[in-house]
Amino acid sequence: MLDTLVAWIVGDLSPSARIWTALAPALLACAYFILGLLLFLVRCAIKGVPQDEETLKRGSTILVGMFLRHYFFWVIQPLWKVVYRSGLPANALSMLSGLLGVSSGVAVAAGRFTLGGWLFLAAGILDVMDGRVARLRKEANPAGAALDSVLDRYVDSAMLMGLAWYYRDTWVLLPVLVAFLGTSLVPYVRARGEGLGINIRGGAMQRLERVLFLGVGVALSPIFEAIWFPEQKHPMHWLAVVGLVFVAIMSNVTAFSRFRALVNALAPPPPVSQHKRTKAAVFGFNALAGAIATAVDFVAVLGMVEWASFSPTIATALGCVLGGVVNYSINRLVTFRSQGAVAPQLARYTLVSATSALLNAGGVALLTLHPQLPYALGWWLARGAVYFAWNLPLQRDYVFNDPPETLMERPHAA
């Protein structure tokens with residue numbers, strides 16, 4: 001018995017022991033929550049869904065709906081009552097959550113995914129309870145809120161740092177870093193919005209979702225590794241990788257959606273004009289103009305080289321000029337319906353196009369410094385980033401942004 005306990009502590013486990021150390025807590029937790037779900041459904045059928053006031057205030061997300069949130073807070077009521085009656089202050093619960101969360105990162109870095117995953121989930125449950133304890137006991141104050149918020153960042157960072165250390169020699173390090181970026185930006189955009197007087201709380205991947213998907217994936221991953229890859233000394237833990245990639249993508253999507261909502265809420269209203277298109281239409285026509293210009297450029301270069309015997313260098317230069325003229329004309333007449341003076345617009349368009357070419361070339365050059373990244377993927381990443389961050393905004397707000405007096409002189413549609 002003592003030898004088994006020592007082996008479990010140091011992680012020297014057989015494949016079957018790895019399965020059971022991961023599965024035993026999962027079976028107990030699943031049995032509790034499945035039985036709780038059955039009782040919850042019976043309770044809902046008799047008395048209706050119990051409404052948790054704080055859940056109603058916070059709302060739901062597409063990943064974890066309102067029914068599941070009410071169920072979760074109903075099923076943990078026994079633990080909640082024990083914590084509340086213990087008399088522990090809310091700050092103590094926050095500190096305990098922080099300690100467990102940081103410990104989860106240490107465990108994962110050492111390859112103990114089962115232990116790390118369950119510690120991370122336990123920290124998340126305590127994080128839910130500390131605020132409720134503070135509000136119910138009238139202990140809520142700005143200092144406690146600040147402590148809770150900062151410790152949450154430490155917990156999230158500790159888990160991701162542990163994963164980064166474990167996956168430091170593999171490609172999984174990249175999604176770990178992307179997840180680190182997203183999980184940092186989601187609360188930062190919300191805090192920045194609150195500082196500017198704007199309440200930003202939307203998004204699919206909030207903290208409850210991050211804890212759930214990442215914690216469950218990490219905690220249960222050793223089961224699958226022990227079944228499929230029992231002899232590996234440094235297993236990939238593919239279930240954890242799937243949860244990590246999902247969190248990386250969705251947390252950044254959530255951060256971007258919050259960022260866009262914040263900017264839209266703070267930005268001054270655009271001038272009213274019957275000739276302006278919607279953002280979706282501008283994007284569609286602008287992309288179409290680029291595709292047509294590229295096709296014209298390619299056909300022109302092919303014709304000059306194959307049929308007119310131009311040198312490829314001269315043909316490429318002339319093709320770029322022709323493609324630029326086509327792109328400018330379509331955007332002026334169709335995309336933005338501009339009536340501004342042509343010469344100043346062409347000068348601005350030339351400036352934007354020239355800097356765009358330099359940014360694209362520089363971006364591809366930087367990405368090719370990483371030979372493990374396919375060239376084609378690097379090309380698309382550079383082009384996409386430059387298009388959305390430079391070309392489209394400047395064409396909309398700089399090149400074809402007619403001055404107010406021009407808009408006032410336009411005839412209104414009948």
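The values are calculated or read from the model by the stated rules, or taken from the named source; none is laboratory data. In this text the structure is predicted, and so the values were computed from the model without any measurement. Neighbour counts run over all protein chains shown; Cβ positions are idealised from the backbone, glycine included. Just so you know, the surface numbers come from the protein's heavy atoms only, side chains and all, with ligands and any DNA or RNA stripped out. Shrake-Rupley method; radii C 1.70, N 1.55, O 1.52, S 1.80 Å.
For segment 292-330, enumerate the residues that are open to solvent by 50 Å² or more (accessible area, probe 1.4 Å), among the polar types (S, T, N, Q) and in contact (Cβ under 8 Å) with a residue 24 or more places away in the chain. Once the filter is applied, which keeps residues that are open to solvent by 50 Å² or more (accessible area, probe 1.4 Å), among the polar types (S, T, N, Q) and in contact (Cβ under 8 Å) with a residue 24 or more places away in the chain, segment 292-330 yields only T294. Tell me, please, whether a residue that is open to solvent by less than 40 Å² (accessible area, probe 1.4 Å) and at pLDDT 80 or above can be found in segment 82-91. Yes - at least one qualifying residue is present in segment 82-91. Being in a helix (DSSP H, G or I), at pLDDT below 80, out of contact with any Lys or Arg (no Cβ under 8 Å at 6 or more places or on another chain) and not polar (S, T, N, Q) is the requirement here; does L28 meet it? Here the answer is yes, as L28 does meet what is asked. Among the conditions (1) open to solvent by 30 Å² or more (accessible area, probe 1.4 Å); (2) within 27 Å of the chain's Cα centre (by Cα); (3) modelled with pLDDT of 85 or more; (4) among the hydrophobic types (A, V, I, L, M, F, W, C), V386 misses just one, which is (1). Scanning segment 199-211 for residues that are of a type in the set (A, V, I, L, M) and within 16 Å of F256 (Cβ to Cβ) yields a count of 3. Mind checking whether some residue in segment 242-258 is among the β-branched types (V, I, T), touching a Pro at 6+ places or on another chain (Cβ under 7 Å) and within 30 Å of L160 (Cβ to Cβ)? Scanning segment 242-258, I find at least one residue that is among the β-branched types (V, I, T), touching a Pro at 6+ places or on another chain (Cβ under 7 Å) and within 30 Å of L160 (Cβ to Cβ), so the answer is yes. Residues that are in contact with a helix residue (DSSP H, G or I) (Cβ under 9 Å, 6 or more places away or on another chain), free of Cβ contacts under 8 Å to residues at least 12 places away in the same chain and either of a type in the set (D, E) or open to solvent by 50 Å² or more (accessible area, probe 1.4 Å) (or both) within segment 63-81 comprise just one, M66. Criterion first (part of a helix (DSSP H, G or I) and crowded, with 18+ Cβ neighbours inside 10 Å) does V128 satisfy it? For V128, the condition - part of a helix (DSSP H, G or I) and crowded, with 18+ Cβ neighbours inside 10 Å - is met. Does segment 254-268 contain any residue that is assigned to a loop (DSSP other than H, G, I, E, B), open to solvent by 40 Å² or more (accessible area, probe 1.4 Å), of a type outside the set (A, V, I, L, M) and out of contact with any strand residue (DSSP E or B) (no Cβ under 6 Å at 6 or more places or on another chain)? Taking every residue of segment 254-268 in turn, at least one turns out to be assigned to a loop (DSSP other than H, G, I, E, B), open to solvent by 40 Å² or more (accessible area, probe 1.4 Å), of a type outside the set (A, V, I, L, M) and out of contact with any strand residue (DSSP E or B) (no Cβ under 6 Å at 6 or more places or on another chain). Of the listed requirements (1) crowded, with 17+ Cβ neighbours inside 10 Å; (2) modelled with pLDDT under 90; (3) in a helix (DSSP H, G or I), G111 misses just one: (3). The residues of segment 365-379 that are surrounded by 13 or more Cβ atoms within 10 Å (Cβ to Cβ) and either within 23 Å of the chain's Cα centre (by Cα) or among the hydrophobic types (A, V, I, L, M, F, W, C) (or both), listed by number, are L367, L373, G378, W379. Per the conditions (1) at pLDDT below 85; (2) under 23 Å from A240 (Cα atoms), the sole criterion not satisfied by G59 is (2).
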